[in-house]
Amino acid sequence: MGTRPLTPAEVELVLAKERVVRVAFFGADGHFLVPMFYAWAEGALCGLTTPGRKVEMGRANGRVAFQVDSTATTGPWEWASVSGHGQWVEVADPLEFGEFAAAFYRRLADAPAWAVSALEERFGQRGIVGWRIIPEALSGRAHGPEEDDG
């Protein structure tokens, strides 16, 4: 087994097929790392969330770091991971918001009914914030069998 860098095409593939990103926010009161559902659209991570600490920190300092891991079908021994940093942008324009909201919900199409219900209830009670992370740097690594291990 070895570790190797991902090609740019492989980085895009991981970002397009996965749906959970861990985002690190930075602020005067410290750091905050949180997993969030996302969709990869037009070269950015896009999603919907509720107001709270992460949104406040993103508004105060839009610089974020993030990581997306791909292990769901391979387990812990074979994985791909994409890391990067970029700019958190809150999306308030309903026309722009609507463009990626559909992609976001398609990424969650296989969610069990209870999960969809909980998400919709949370959005209904707390509100919805649209967001986009525009990557400034991306890199990726994969771990698995060597090419000739067949």
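No lab work stands behind these numbers, since they all come straight from the coordinates. What you are looking at is a predicted structure, and each value in this text was computed from that prediction instead of being measured. Ideal geometry is used to build each Cβ from the backbone, glycine not excepted, and the neighbour counts take in all protein chains shown.
Odds and ends about this structure:
- Across the options Ser83, Trp114, Ala41, the greatest Cα extent toward the positive end of the charge dipole of the chain (unit charges at beta carbon of Lys, Arg, Asp, Glu) belongs to Trp114.
- Value of Rg to Rh for region 43-119 (Rh from inverse mean 1/r over Cα pairs, i.e. Kirkwood): 1.00
- Förster radius 30 Å - calculated FRET efficiency between Phe123 and Asp29 (Cβ-Cβ, nearest 0.05): 0.70
- The mean sequence separation of alpha-carbon pairs under 8 Å and at least six residues apart, normalised by the residue count of region 78-150, gives a relative contact order of 69 percent.
- Structure remark: mean-square fluctuation, Gaussian network model of the chain, C-alpha springs under 10 Å; the largest value among Val21, Val91, Val116 belongs to Val116.
- Angle between the chain longest axis and helix 113-126 axis [Cα atoms, degrees, rounded to 10]: 40
- D (Stokes-Einstein, µm²/s), Kirkwood Cα radius, the chain, 0.890 mPa s at 25 °C: 150
- Under a model in which nothing but the beta-carbon of Lys, Arg (+1) and Asp, Glu (-1) is charged, the chain shows a dipole of about 580 debye around its Cα centre.
- Each Cα pair of region 75-150 feeds into the Kirkwood radius, which the Stokes-Einstein equation turns, at 4 °C and 1.567 mPa s, into a diffusion coefficient of 82 µm²/s.
- Exposure rule at most 14 other beta-carbon atoms within 10 Å, DSSP loop GluC sites (Glu not before Pro): the chain longest free segment: 79-145
- Degrees, to the nearest 10: 8-17 long Cα axis against longest axis of the chain: 50
- In region 1-78, chymotrypsin sites (Phe, Trp or Tyr not before Pro) in a DSSP loop with at most 10 other beta-carbon atoms within 10 Å: Trp77
- Whole-angstrom gap from region 120-141 to region 76-97, using each part's C-alpha centre: 7
- Most mobile listed residue (Gln125, Gln87, Gln67) in the chain, GNM with C-alpha springs under 10 Å: Gln125
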